[in-house]
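Taking it in order: structure first as structure tokens, then the write-up.
The numbers here are math on the coordinates, done by the rules we state, and not lab data. The shown structure was predicted, so the numbers you read here are calculated from the model rather than taken from an experiment. Note that we place each Cβ from the backbone using ideal geometry, even for glycine, and neighbour counts take in every protein chain shown.
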There are 2 protein chains.
Amino acid sequence: MNTYMSKFEANYTALTPITFLKRAAMSYADRTSIIYGEARFTWQETYDRCRRLASSLQSLGIAKNEVVSVLAPNIPALYEMHFAVPMAGGVLNTINTMLDANGVKSILDHSEAKILFVDYEYIPLAYEALRLLNVDPKRSTTKLSVVIIGDSTNKNGKLESSKKHLEYEELVVKGNVDFMAVKIEDEWDPITLSYTSGTTSSPKGVVYSHRGAFLGTLSLILGWEMGTQPVYLWSLPMFHCNGWTFTWGIAARGGTNVCIRNTTASMIYKSIALHGVTHMCCAPVVLNIILEERKQLTTQVQVQVLVGGSPPPEKLLIKMEELGFYIVHAYGLTEATGAALVCEWQKRWDKHSHEERARLKARQGISVLNIEDLDVKDTVTMQSVPKDGKTTGEIVIRGSGIMKGYFKNEKATSEAFASGWFHTGDVGVIHPDGYIQVKDRLKDVIISGGENISSVQVEEVIYQHPEVLQVAVVAMPHPRWGETPCAFLVVKTAKHHTVTENDIITYCRNNLPHYMVPKKVCFLMDLPKTSTGKVQKGTLRAMAKNIQLPDFNNHLQMPPKFTSSRL
Amino acid sequence: MNTYMSKFEANYTALTPITFLKRAAMSYADRTSIIYGEARFTWQETYDRCRRLASSLQSLGIAKNEVVSVLAPNIPALYEMHFAVPMAGGVLNTINTMLDANGVKSILDHSEAKILFVDYEYIPLAYEALRLLNVDPKRSTTKLSVVIIGDSTNKNGKLESSKKHLEYEELVVKGNVDFMAVKIEDEWDPITLSYTSGTTSSPKGVVYSHRGAFLGTLSLILGWEMGTQPVYLWSLPMFHCNGWTFTWGIAARGGTNVCIRNTTASMIYKSIALHGVTHMCCAPVVLNIILEERKQLTTQVQVQVLVGGSPPPEKLLIKMEELGFYIVHAYGLTEATGAALVCEWQKRWDKHSHEERARLKARQGISVLNIEDLDVKDTVTMQSVPKDGKTTGEIVIRGSGIMKGYFKNEKATSEAFASGWFHTGDVGVIHPDGYIQVKDRLKDVIISGGENISSVQVEEVIYQHPEVLQVAVVAMPHPRWGETPCAFLVVKTAKHHTVTENDIITYCRNNLPHYMVPKKVCFLMDLPKTSTGKVQKGTLRAMAKNIQLPDFNNHLQMPPKFTSSRL
């Protein structure tokens, strides 16, 4: 066959999530797109608002591929910007609101943002960051303009004190509703820029293409089996991988976005009761919050919950299902456009015991459909490990859902993709049924007496102790075994007088091979975490280095920073 | 932002449905992929068999982009070829088994096929076609090799009488299980070639790209909300748009293919009872078959049915739902990689009456997600019609799910895409809620039992009858087949006493595939024509609507308008 056939405008169009909004306005015009407090929007209104905002962005000088930053919680404006900024040709940079001024400043600096949108609540943080950047927020400059997002709990909500600023609602109102989105000539063009939280080094700017965002969105909808018309609660920050792509995904599904400013138990329960929430995503810690406040649950609910991060423990899964929360476990990274693996439930598992089902559910699962290939490779030989559920290797992935690269960091980009794979840095196994389970971070492997110990495995056991709330296990130096596990944990408040180091160690001895039992247990008030909620194991490892083992010293000497008995 | 960022092997991979099979072998290895009679395969086995077959295809000389044709019903071999042929780098051409030898010959000729795979049941048809092509099926030639597919109701099934032929199972057995699929360097490369009976007598070869097939597959799974692990009954021929992409889709979903040689009521009911079928696609005529034989239904079932072609009537919908068949209506064309619209159900319609729900369901619906844009345009002004459910225009679509073009027909390809849109040739309206409804057809295509029939092709045959002076063929409504061809003709004056309806029908039976034969022939003194001499097919269609079919009434009762023996 002569392979040459021209591409036409009619049969070769750029893959872009902008399509989802346009289609939603066509097919779901009068369905509710966004709920926020008392405010309601339809898909037609959301499309119109985005067109208006996009035209205003162009009037403000946003040219193709220029960066627009935003510092905001899960409010309608942040949702709209996920479409309006690329419709204007720009690149959306959502900033983690938990960063400090220095972190925000670094991002504004590195991203070369032309406009910064700031939710009114984050004005002090933004001003401090701008001060560090030597930008006067009240004076329009070519360097960086500032737009304030007022409290839009009603459609016409404006911030009284922002007269001196450009104001979000004003840009929307003044914009041209007939504005046509900038045509995406190349689907490889950038759509968003997201900085990963640095546990180790300085943050890297992860760039998604329109193509990657489109494919990532559809793949996760498919992987989670999200049907049409979901009522989606924004319990996960939109600034996390663009809300794991559900910013775009809810438009693709013609669903309703329930926006909430803060993810609290009462807001979650209230939203479920008022709006019939069907889907939500969150970190495991939110499950605990939901569970602790379950007295607030007044009606029968059925909510699908997609959970990232560490696998939810069995008891938690069981209790959540009793309440009507059905948890699916996903695994991903910013670099993989959110989720790369989803623990797809298999019907034949229905017959298993609670314990067995929880064990199966706690695995990270199978690749979503935009992952072209997935493997677990021995870190030394780079050979695929057998599907035995035991042999560990690094999880590597490949596919059009992976980021374009790190912004202005060719070296890191080349390194990340050097071998034809993206290296996740996570150590896992492949079970005989093809499901992947993460066992450790590459850096978190504890090697004791020549044996590899998975810190995750130790954590899982300790977590099952009834008095434990949070736990992190890292390697600590050991004069005899090279390394040994050291457990840092937070106990449930009311109980913190009753649990001792020996209790935990005994518990581990009863539930783990002896070589895996931590030789040291430290009690903290909270675990050190990054702004995105990830436990800073590097910090804990540094702490562990300074702890003297009780075996070798009867008196526990904590490093100077942690002198109190309960840390 | 500097837009330049290199593409890497890890983050820019060709979109191709081959991924779905590889992933199924990884993630669903021991789940049942195919059921056929007593035979069972797992996804690992199917992947292995496809690899073996692909390696054998290469050994037979199939090079990149060469065409492999197949004439077979819905058997495992045809399913496997949907992966094995592209894995070998080839292009799959599935031939409609209802064609006559001349039709098959034309396709083999035009497609330049290098190998023809023939199911044993279709050997006589294939041999006749090959005779017309001057190819000796029992002698290997460089022109065209023939491979016989034996009765593989068991995994090792072979055809006793085929010793002189290459045999399908032998190719599988002899192949290399470690064969690696040919790397798709460009997702725009062709994957399949399917001939449509369009408006002209010579069929056009519709070419899909790997990209289009990948996107079409995912979009229809999403549009139909097909969950994971479907048990899919092959009631729709795989040769129709590659089974509306579900050949690839069932692999993507890790489902089970229930293959059946013939779509009969007893096979449908047996498959549902034995294998727990959850999904099936079909033409509306199959719904009638199911309904007529409903006494065969012994258990409670719940089957999702995707129906193409004419909208199912209200009563049929109600009765089918009572039996447990939930019908969703889709609209598409070969050129659109199967479905372009799906009548997505909206929850708020649940509360409506049966009648209202049937009315809503009978519409063609909203675009699937690979359609970048959709519109209904006035055929003269090319302006969009209002969303009033009344004003008609031509349905036009655009997106990466549209075919690459017509094979070796640049003129028809350019015409199809001329205005930046693909013209469906169907006339429709947009309802205020954004749902599209087809009202009429611009092109002279008759859709009978899900098969496209070119009225021009039927006319050409009838015109060759020695007594015929003028002929026009149009669609007439048919209670079973949706539509059937109705021929209006003018005979040569001297002979008009001697030619009967039966003569013409018999003549057609001898010169056309049976499904194309008109069920009604009307004799006119002249054909209604425009001032420029063009036959007014619209007028004839209106006439045909009022004609009662002889099949359903022993006495042919012509409507009053047509009382004379010769009209």
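Which entries in B:LYS411/B:LYS537; B:LYS439/B:LYS529; B:LYS105/B:LYS377; A:LYS105/A:LYS529; A:LYS7/B:LYS443 show an alpha-carbon gap greater than 27 Å?
Checking Cα-Cα distances, B:LYS105/B:LYS377 exceed 27 Å.
Extension gain, B:LYS7 to B:MET180, is 60.0 nm, computed as 0.36 nm per intervening residue step minus the present C-alpha separation.
Counting beta carbons within 10 Å around each of A:VAL385, A:VAL104 and listing the fewest first gives the order A:VAL385, A:VAL104. Among the GluC sites (Glu not before Pro) in the stretch A:311-341, none is located in a DSSP loop while being surrounded by at most 14 other Cβ atoms within 10 Å of its own Cβ.
Straight-line reach only, C-alpha to C-alpha below 13 angstrom: list the aspartates and glutamates that B:LYS64 could link to, leaving out same-chain residues fewer than 8 apart. Filter leaves B:GLU185, B:ASP186, B:ASP189.
Across peptide A:26-33, the average count of Cβ atoms from other chains found within 10 Å of a residue's Cβ is 5. Running Debye on the stretch B:313-443 with equal point scatterers at the Cα sites and no solvent, what base-10 log of I(q)/I(0) appears at q = 0.12, 0.20, 0.23 Å⁻¹? Calculated log10 I(q)/I(0) at the listed q: -0.50, -1.15, -1.39. Here the dipole of chain B is about 460 debye; that uses its Cα centre as origin and unit charges on the Cβ of Lys and Arg (positive) and Asp and Glu (negative). Extending 7 Å from Cα along the Cβ direction at A:GLU322 and again at B:LYS351 yields two label points whose distance is 3.6 nm. Under a model in which nothing but the beta-carbon of Lys, Arg (+1) and Asp, Glu (-1) is charged, the stretch A:300-456 shows a dipole of about 200 debye around its Cα centre. Calculation over all alpha carbon pairs of the stretch A:161-281 in 5 angstrom steps from 0 returns a P(r) of 2, 9, 14, 15, 17, 19, 15, 7, 2, 0 percent. In a DSSP loop and with at most 10 other Cβ atoms within 10 Å, there are no trypsin sites (Lys or Arg not before Pro) in the stretch A:8-95. Mean partner shielding of peptide A:57-67, defined as the number of other chain Cβ atoms within 10 Å of each residue Cβ, is 1.
B:LYS534: which aspartates and glutamates have alpha carbons under 15 Å from its alpha carbon, excluding same-chain residues fewer than 8 sequence positions away? Correct list for B:LYS534: B:ASP444, B:GLU459, B:ASP526. Here is the list for the stretch A:286-393: trypsin sites (Lys or Arg not before Pro) lying in DSSP coil, each with at most 14 other C-beta atoms within 10 angstrom of its C-beta, are A:LYS390. Label-to-label distances for B:GLU501 across copies, nearest first, come out at 10.0 nm, using points 7 Å from Cα in the beta-carbon direction.
P(r) for chain B, from all Cα pairs and a bin width of 20 Å, is 20, 54, 25, 2, 0 %, short bins first.
Here A:LYS270 is the anchor, and the lysines within straight C-alpha reach of less than 24 Å, apart from those fewer than 8 places off in the same chain, are A:LYS155, A:LYS295, A:LYS319, B:LYS347. Within 10 Å, at most 10 other Cβ atoms, and a DSSP state outside H, G, I, E, B define an exposed site. Report the longest part of chain A free of exposed chymotrypsin sites (Phe, Trp or Tyr not before Pro). Counting at most 10 other Cβ atoms within 10 Å as exposed, the longest clean stretch of chain A is A:5-551.
Placing a label point 7 Å from Cα along the Cα-to-Cβ axis, A:ASP186 is separated from the same position in the other copies by 1.7 nm, shortest listed first. Entry note, chain B: the mean residue ellipticity at 222 nm calculated from DSSP H runs of n ≥ 4, each adding -39500 (n - 2.57), is -8500 deg cm²/dmol after division by the residues and rounding to the nearest 500. Taking all Cα-Cα distances within the stretch A:1-94, those exceeding 24 Å account for 32%. Relative to the longest principal axis of the Cα atoms of chain A, the long axis of helix A:76-87 lies at roughly 70 degrees.
When you work out D = kT/(6 pi eta Rh) for the protein assembly as shown at 10 °C and 1.306 mPa s, using the Kirkwood radius from C-alpha pairs as Rh and the Stokes-Einstein form, the result is 49 µm²/s. With label points defined 7 Å past Cα in the direction of Cβ, position A:MET98 shows copy-to-copy spacings of 6.1 nm, given to one decimal and shortest first.
Site pair B:ASP100 and A:GLU467 shows an inter-label distance of 8.9 nm when each label is modelled 7 Å from Cα along Cα→Cβ. Here the dipole of the stretch B:229-354 is about 220 debye; that uses its Cα centre as origin and unit charges on the Cβ of Lys and Arg (positive) and Asp and Glu (negative).
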